[in-house]
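These notes are about the structure you will find just below.
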Amino acid sequence: MADRPVLEITDLVKTFGALRATDGVTLDLRPGEIHALIGPNGAGKSTLIHQICGTEKQDSGTIRFAGQDIGRLGVAERARLGLGRTFQVSSLAPEFSSLRNVMLAVQAKAGSSFRFFKPVMRDRGLIDQAMAILERVGLAGRANIPAAELSHGERRQLEIAIALALGSKAFLLDEPMAGMGPEGSKRLTGFLHILRHEAPILLVEHDMDAVFALADRISVLVYGRIIATGTVEEIRRDPAVRTAYLGDHA
Amino acid sequence: MTRENIINLVLALLLLVAPVAASQMGQPFTVTLATRIAVLALAATGLNIALGLGGLVSFGHAVFFGIGGYAAGILASHVFSGEPMMFGFEGSNQMPVIWIFAVIACGLAGLVIGAISLRTSGVYFIMITLAFAQMIYYFAISWPAYGGEDGLSILVRNQFPGINTMLPLSFFLLCYGVLIACIGLFALLRSSRFGAALQAARQNEVRVASVGISPYGIRLAAFVISAMMTGLAGALYADLNKFVSPSMLSWHMSGELIVLIILGGTGRLFGPVAGAMLYVIFEFALGGITERWQLFLGLILLGVVLFARGGLIGLLAGKARHG
Amino acid sequence: MLLEVQDITTFYGSSQALYGVDLTVAEGEVVALMGRNGMGKSTTIKSICNLMPPKSGRISFSGHSTEKLPPHRVARLGVGLVPEGRRCFANLTVHENLVAAARPGAWTLKRVNDLFPRLDERHAQMAKSLSGGEQQMLAIGRALMTNPRLLILDEATEGLAPVIRQDIWRAIRSLKQDGLSILVVDKTLSELLPVADRCVILENARSVWNGQPDALTSDLQDRYLGI
Amino acid sequence: MILSLALEQLLNGLQLGVMLFLMAAGLTLIFGVMGLINLAHGSLYMVGAFACAVVAAATGSFWIGLAASLVCAAAAGAIVEFLVIRRLYDRDHLDQVLATFALILIFSEGARWVFGSFPLYLDIPPLLSGAVPLPGIEAYPLYRLAIIGVGALVAFGLYLLISKTRLGMRIRAGESDREMIAALGVDIRTLYTVVFALGSALAGLAGALVGALQSVQVGMGEPVLILAFVVIVIGGIGSIKGALVGALIVGLTDTLGRFLLPSLLGLILPASTAGAVGASLAAMLIYIVMALVLAFRPRGLFPANA
Amino acid sequence: EPIKIGLITTLSGGGAGLGVDTRDGFMLAIKQSGNKDITVITEDDAQKPELAVQIADKMIQSDQVDILTGIVWSNLLMAVAPSANAQGKFYVSTNAAPAALAGAKCNPLYFNAAYQNDNLHEAMGEYANKDYKKIFIMAPNYPAGKDSLTGFKRYYKGELAAEVYTKVGQADYAAEIAQIRASGADAVFAFLPGGMGISFMKQYAQSGVKTPIMGPGFSFSQDVLPAIGDAALGVKASGQWVKDLDNEANKKFVPAFQKEYGRLPSLYAVQAYDAAQLILSAASKASVKDTKAFGEAMQAADIQSPRGKFKFNTNLHPIQDIYVTEVVKEDGLLTNKTVSKIFTDHGDAYAKDCKM
Ligand SMILES: Nc1ncnc2c1ncn2[C@@H]1O[C@H](COP(=O)(O)OP(=O)(O)OP(=O)(O)O)[C@@H](O)[C@H]1O
Ligand SMILES: Nc1ncnc2c1ncn2[C@@H]1O[C@H](COP(=O)(O)OP(=O)(O)OP(=O)(O)O)[C@@H](O)[C@H]1O
Ligand SMILES: [Mg+2]
Ligand SMILES: [Mg+2]
């Protein structure tokens, strides 16, 4: 793991009024790893993800991604550089079918959204790529169902499919397991094991079984500060983490 | 062939056959009505790109309609009066030249208005587009050079190479041709990658941004294309009436364009055609029967919104499918 | 019986989402509604609240049929809903969320704040800027403030930190002790089963199994829940 | 003299602003709080003015007319809500625009059917007629001062209603999630009917009050409608404070623009041209201001939910 | 021989009052004539130029009318009349009279039975010379408004306190009234048609400013006076027709109109009444298909106008007397009373540019 980190965050600060939601966070993500970010509700995990993707602007601190300072770029630009994300609350194009949701991502990756004439539904290349990805996440059977009609769990799967289709260089997953049944969680866990070899994953998750099974490193965020970083075993034993977060789940 | 396609074909044929037959039977006015339908449908098709596909409810599209109209009126008036416009340019009474002017002018106007307006969204967007339209409306009313509120007459309809535009039927066929071409363009746009991104941006802006497509750029492009198409319709409308006036720029006009689209079916390929047919025929038929026609028009519109969701096409062809 | 659901079918437009669900909740009972993703749990709940009225079948709440009742009348019979996805009122403050729909009873602002001190800390903040877990607490608190006879929790612990989740289960147990009836959907069986008096399992939008938690063998779990 | 004119124009701007606020108050209530674009607001304004004119003519009392305007507009609003509007809350803005556009046609032609095409007579009550001297100003119409008073009262009352009462909370909750507030046991349908009627009553009140100063005729609501939209959009939709500030900005810009622009241009152009060009600019001014505000603050000056 | 007349006027929307009077005045003359050969087709233009064009097209193409008439507004007239003339149809204007059609663009098929737009303003300019030295003039900022002030200034010799253009459709005049107060003018000339005038007058009466007001007759004609109320009392206006004019035709016309429609006629009604009379008189002399003969018969203007003398200028606009009136209350009803005659046989400034 001597490679240079893909994503490096240094001294990030974000305040909402009097609240320091992110309070000097320094964190990195290295190639091939799953780095779990855990912490109590309201600790600032999603806020951190928002700043990395650009939906919120940090007050100070730097964010470097793939060797470039991305702290000032817009959301779309960062996504084009290869930051893939899922949302804590599913965010899809509701009228589009699962397939078309993924196709949109495929076309976005190709940077070809200013093609005005060729009909997408006759674009075999586009469709095949999207279908392949739907198959990987197990949604192929629901390819033609509008996203609005998918159940909660299926939407989460679709979000992952979109992130995959973007061929991202790093994944930021905000609670991907939330709302998935035991079966789905199991499958997703297996899936993330494979995904990590494509690109490293920053995983925010409250499902400790999944986190313990997956993470190479865990950082614990409490009140906007990282209070501990370490391997699964180190974190499980850390008394501060137990009181702040894990409780008797260890 | 889907049911919607069949309906579209029927509408297209109806709009073509009715005036041709009427003109054979010596009812030239039907041709005029049909031309009006075609031109309004074209304007609404333009708006449909922004509104139907992109969800951009522009309450100021009359600006482009009016600019297109004034392009025709102003260029023609200089030919007529013999005074050069600027840089020694003489004006023109050739439709192709006028159309190019109209489309470019509207494209530029669309770029400026869109670039500012698209910073906002939702109701704010509705209102800022209206604001621009009102600015230009008041400007046109009080700007004396081209008639102000009194408007500007085009004494002789502009010409198109190889066609005698003074014949109502020829002029209709010309407008019809332009309409069909633009509907074709709309269909292409809608099914293209650009169209996919545009429609996705309407449904969920954040999603589109986070796959790496800037919704702003996509929308701006759509707005400009939409403006240009509506502007082209404006130029034809001026020639149809042989007259332009600021009322082409008024908010009523913008409202009417929106009404046409919803009446026909928002985002549907032939929605504007169906809407324009319905609207013009109502206006004409009701206006002939009673002075209170606006009351009945209001009731009919209300009925459509409340009970025929998806407009006429939605009623006949069912819900739109998105692949 | 407090709640009786008999063989309901429900449609989203023309697509059918429930094909015959039976379910009862007795006074003071905690019933767990289980099933894989997309099997119709949330739809059943929406039907009970008449947010998605069933097309056929019967629902009655403490003897009153809820047929044709608007949702607010159903709620006033004593159904408190914590919906899937929280659905807090984004443009209201935490405090306002809690009191907007409150009805008098044992649950007061103070009691809810004692249950979730975090809500008290954030009382003046807009709900939309709360963290996910905070919103979840708010949704539960909001339902309790209506002083329901039946509390319906649709994935109420989703996205909560383990400590908080334990708090919430503790709260659910104490509500149960107080005699409140609860219908609960949750994914974490290890936490759910100890609380439940009875389980109902949905498979392909039908209720297929109904029994005590101890009777839920690992064979059954494998077949219906994919574990 | 100059100073007194400037002072008077400032007061005029303020007064116009308050008048605009009165017109916009009902709209911002319905629009901001219930999330409904109600183009028929101008029609309810007209209903108020007509009711006041007709009843005042019949009874000889402006005050009874004023009461009638409140009642009629509220009743018209409640009926419209019951028959039409309540089917539109879940629809997108587009359907709302079309439906309420249709309502404008129906109201206008309906009113013409009943009252004919000629303007009606409605005059200021004797109690409030005439002008009074103010410090620095020779004379200022009493009625306009009264409008300032009523506007301020309405602003304050609405503010309290929306942000301090439980009713207000429920209405706002309904805006963010109607289904959910119903599932919690609040009869949101009836509540919305009440709010809509209230918004309509405010429109009617404005119609009656302003109608006494202006021409009471079919179509009087349309210019008002657009102005009212401009006002609430500048201020930020749904915010009573925003509507008030927006109204004052529009009132002052418009008054001062009409007055100053021609004079300023007069320094460089011949008087008659300056008058015309200045007036053209002045007519566009509020729209320019609105575009500027939105270009820099895309959600208005005081976005309600920030 | 049958004649078909298309009457396009505004019967819905804000300006419908004027259209209703136009239609009623016109139909009164047709009815009185008892001429069964004449058919009148009436349609509403809703004050929209596009709609007016469409209706005109329909009337010409499908109904095959011989004569169009009835439009109230200049901008609609500009949309309809030139193109109707180009298609060989007569247009007889009952009100609108833009300068453009009186001068170089005059047309042998275009008759104006009302006036030229500037006339009434010119009359007020002339009248103002008598009593006032410094006048505040004001009009809406659109072509008719500018024409109006130009017309006024053409005859007015004194000093202008200010020349103010207001927004079209403006409803609040506090700012202008303040300017009037500060200007030290000894009179105000305001051209504010329709609702604008009503609003202005009501507000002016409340303002405590006492400077006298004058304006063109149609701002204070019978259709708006009741709405302005007592605020209009004493206002001086100009008109080519006044209700109390002492001539035979007028003595018959006013009661007849009142009997038929239950209200007093306005200027618009008289103009339309005369337009119809002109057509009727020509119809009795020539065939409408023979445009030259019919046109000449029209130009002869062989009618008894309630205005008294009436004849056509070379540009086919009227030459007529113009009066100054004052708003008074008669039997509790506001109306205009003649004060004096200001112009005798007055034509317009554009006739010299008309080469026919
Ligand atoms: N726009 C905002 N304005 C004010 N406070 C905010 C805003 N956004 C977030 N916060 C606050 O910042 C804190 C961090 O929120 P965040 O959503 O990042 O938490 P989280 O760690 O993701 O929690 P969870 O695990 O529950 O999702 C919370 O207390 C939240 O209330
Ligand atoms: N709004 C909707 N329109 C159409 N179909 C829907 C809608 N919501 C849900 N469905 C369908 O109804 C079925 C049942 O969904 P429901 O949400 O009740 O499942 P669930 O058991 O709660 O699943 P999960 O555990 O994922 O929340 C699913 O097949 C889903 O696709
Ligand atoms: Mg979070
Ligand atoms: Mg569910």
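The values are calculated or read from the model by the stated rules, or taken from the named source; none is laboratory data. Being a predicted model, the structure only gives us computed values, none of them experimental. All Cβ positions, even for glycine, are placed from backbone atoms using ideal geometry, and neighbour counts span all protein chains on display. Remember, those area values only see protein heavy atoms, side chains included, never the ligands or the DNA or RNA. Shrake-Rupley method; radii C 1.70, N 1.55, O 1.52, S 1.80 Å.
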Mind jotting down the distance between the C-alpha centroids of segment A:12-69 and segment A:92-131, whole Å? 31 Å
For residue E:85, what charge total do you get from the other residues with a beta carbon under 13 Å from its beta carbon, if Lys and Arg give +1 and Asp and Glu give -1? +2
Arrange the residues D:194, D:33 by how much accessible surface each exposes, largest first, with a 1.4 angstrom probe. D:194, D:33
Can you pull out the chymotrypsin sites (Phe, Trp or Tyr not before Pro) in segment A:182-250 that DSSP calls coil and that have at most 16 other Cβ atoms within 10 Å? A:223
Taking every residue in C:69-81, how many Cβ atoms of other protein chains lie within 10 Å of its Cβ, on average? 4
Cα gyration tensor of segment A:96-168, axes a ≥ b ≥ c as square roots of the eigenvalues: rounded (a/c below 1.5), prolate (a/b > b/c) or oblate? prolate
Taking alpha-carbon centroids only, segment B:189-235 lies from segment A:134-210 a number of Å equal to 29 Å
Just to confirm the number: angle between the C-alpha axis of helix E:119-131 and the first principal axis of chain E, 0 to 90 degrees, nearest 10? 30 degrees
In segment B:130-149, what residues drop by 50 Å² or more of accessible area when the other protein chains are put back, versus the chain on its own? Use 1.4 Å, and skip ligands and nucleic acids. B:135, B:138, B:142, B:149
Only helical DSSP H runs with n ≥ 4 go in: add -39500 (n - 2.57) per run for the protein assembly as shown, normalise by residue count and round the 222 nm mean residue ellipticity to 500 deg cm²/dmol. -16500 deg cm²/dmol
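Ordering C:88, D:52 by accessible area with a probe of 1.4 Å, largest first, what comes out?
Values: C:88 20, D:52 0 Å².
If we order C:88, D:52 from most to least accessible, we get C:88, D:52.
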Ignoring ligands, DNA and RNA, how do E:172, A:3 rank by accessible area with a 1.4 Å probe, largest first? A:3, E:172
Considering chain B as a Gaussian network with a 10 Å cut-off on Cα pairs, which listed residue, B:12, B:38, B:50, attains the greatest mean-square fluctuation? B:12
Kindly write out, for segment A:75-83 in residue order, the coupling ³J(HN,Hα) from the Karplus curve 6.51 cos²θ - 1.76 cosθ + 1.60 (θ = phi - 60°), rounded to whole Hz, with x marking Gly and Pro. 4, 5, 4, 5, 4, 5, 6, x, 9
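Select from segment E:254-307 those trypsin sites (Lys or Arg not before Pro) which occupy a DSSP coil region and have at most 14 other Cβ atoms within 10 Å, ordered by residue number. Intermediate results must be reported in sequence, preceding the final value.
Working: sites: E:259, E:263, E:285, E:289, E:292, E:307; in loops: E:263, E:285, E:289, E:307.
Here the sparse-neighbourhood loop sites are E:285, E:289.
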P(r) for segment E:126-283: what percent of alpha-carbon pairs falls in each 5 Å bin, starting at zero? 2, 8, 17, 19, 18, 14, 10, 7, 4, 1, 0, 0
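What translational diffusion coefficient, to the nearest whole µm²/s, does chain E have by Stokes-Einstein, given a Kirkwood radius computed over alpha-carbon pairs, a temperature of 10 °C and 1.306 mPa s viscosity? Could the numbers behind the result be given before it?
Details: Rh = 20.4 Å.
Roughly 78 µm²/s, to the nearest whole number.
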Does segment D:231-282 come out rounded, prolate or oblate by the C-alpha gyration tensor, with a ≥ b ≥ c the root eigenvalues, rounded set by a/c under 1.5 and, if not, prolate when a/b is larger than b/c and oblate if not? prolate
Taking 0.36 nm per residue of separation and subtracting the Cα-Cα distance, what length does fully extending residue A:227 through residue A:187 add? 11.3 nm
Sequence-distant aspartates and glutamates (8 or more away, or on other chains) whose Cα lies within less than 14 Å of residue E:105: E:353
Could you give each residue of segment D:67-74 its phi-based ³J(HN,Hα) in whole Hz, using Karplus coefficients 6.51, -1.76, 1.60 with θ = phi - 60°, and x for Gly or Pro? 4, 4, 5, 4, 5, 5, 5, 4
Evaluated at 20 °C and 1.002 mPa s, the Stokes-Einstein D of segment E:112-218 based on the Kirkwood radius over Cα pairs, in µm²/s, stands at 156 µm²/s
Could you please report the charge total around residue B:144, scoring K, R as +1 and D, E as -1 over all other residues with beta-carbon less than 13 angstrom from its beta-carbon? -2
Computed on protein heavy atoms with a 1.4 Å probe, what is the summed buried accessible area for the chain pair C and A, in Å² to the nearest 100? 2000 Å²
Please give the helix D:93-115 orientation as an angle from the longest Cα principal axis of chain D, in degrees from 0 to 90, rounded to the nearest 10. 70 degrees
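So which trypsin sites (Lys or Arg not before Pro) in segment C:45-153 end up in coil per DSSP with only 10 or fewer other C-beta atoms within 10 Å? Display every interim value, and only then the final one.
Numbers: sites: C:46, C:55, C:58, C:68, C:73, C:76, C:86, C:87, C:110, C:111, C:118, C:122, C:128, C:142, C:149; in loops: C:55, C:68, C:86, C:87, C:122, C:149.
Answer in residue order: C:68.
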Chain pair D, B: how much accessible area is buried, both chains summed, with a 1.4 Å probe, in Å² to 100? 3900 Å²
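For chain C, what is the relative contact order in percent, using Cα pairs closer than 8 Å and at least 6 residues apart in sequence? Walk me through the numbers before you get to the answer.
Values: 434 pairs, mean separation 64.0, N = 227.
The normalised contact order for chain C reaches 28 percent.
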Ignoring ligands and nucleic acids, residue C:123 exposes an accessible area, probe 1.4 Å, in Å² to the nearest 10, of 90 Å²
Taking the radius of gyration and the Kirkwood hydrodynamic radius from Cα positions alone, what is the Rg/Rh ratio for the protein assembly as shown, to two decimal places? 1.02
Do any of E:259/E:337; E:48/E:89; E:31/E:251; A:169/C:46; B:242/E:355; E:4/E:311 go past 29 Å between their Cα atoms, and which? A:169/C:46
Rounded to the nearest 100 Å², what is the sum over both chains of accessible area buried where D meets E, with a probe of 1.4 Å? 3200 Å²
Under a 5 Å amide H to amide H cut-off, with H placed in plane at 1.01 Å, what residues pair with residue E:90 once short-range neighbours are removed? E:68
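First check a/c for chain A, with a ≥ b ≥ c the square roots of the eigenvalues of its C-alpha gyration tensor; if it is under 1.5, answer rounded, and if not, answer prolate when a/b is larger than b/c or oblate otherwise.
prolate
How big is D for segment D:139-203, in µm² s⁻¹ as a whole number, if Stokes-Einstein is applied with the Kirkwood radius of its Cα pairs at 4 °C and 1.567 mPa s? Intermediate results must be reported in sequence, preceding the final value.
Details: Rh = 13.5 Å.
Answer from the Stokes-Einstein relation: 96 µm²/s.
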Out of residues 5 or more away from residue D:301 or on other chains, whose amide H comes under 5 Å of its own, with H placed 1.01 Å from N in the peptide plane? D:235, D:236
Residue of C:145, C:34, C:126 that the Gaussian network model of chain C assigns the largest fluctuation, springs spanning Cα pairs under 10 Å: C:126
Of C:26, C:127, C:101, which is the most mobile in a GNM of chain C whose springs link Cα atoms less than 10 angstrom apart? C:101
Can you pull the percent of chain B's accessible area that's carbon plus sulfur, 1.4 Å probe, other chains left in place? 70 percent
What ³J(HN,Hα) values, in whole Hz, does the Karplus curve 6.51 cos²θ - 1.76 cosθ + 1.60 give for segment B:48-64 when θ = phi - 60°, with x put for Gly and Pro? 4, 5, 5, 7, x, 7, x, x, 8, 7, 7, 9, x, 5, 4, 3, 6
Compute, for residue E:338, the solvent-accessible surface of its heavy atoms (probe 1.4 Å) with the complete set of protein chains present, and express it in square angstrom to the nearest 10. 40 Å²
Within 11 Å, Cβ to Cβ, of residue B:314, how many net charges do the neighbouring residues add up to if Lys/Arg are +1 and Asp/Glu are -1? +2
Return the carbon/sulfur percentage of the accessible area of chain E, one whole number, probe 1.4 Å, all protein chains in place. 51 percent
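Using a 1.4 angstrom probe, figure out how much accessible area the protein assembly as shown has per residue, in square angstrom, rounded to the nearest whole.
On the way: 49680 Å² over 1462 residues.
Accessible surface, normalised per residue, equals 34 Å².
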Using alpha carbons only, how many degrees (0 to 90, rounded to 10) separate the axis of helix E:174-183 from the longest principal axis of chain E? 60 degrees
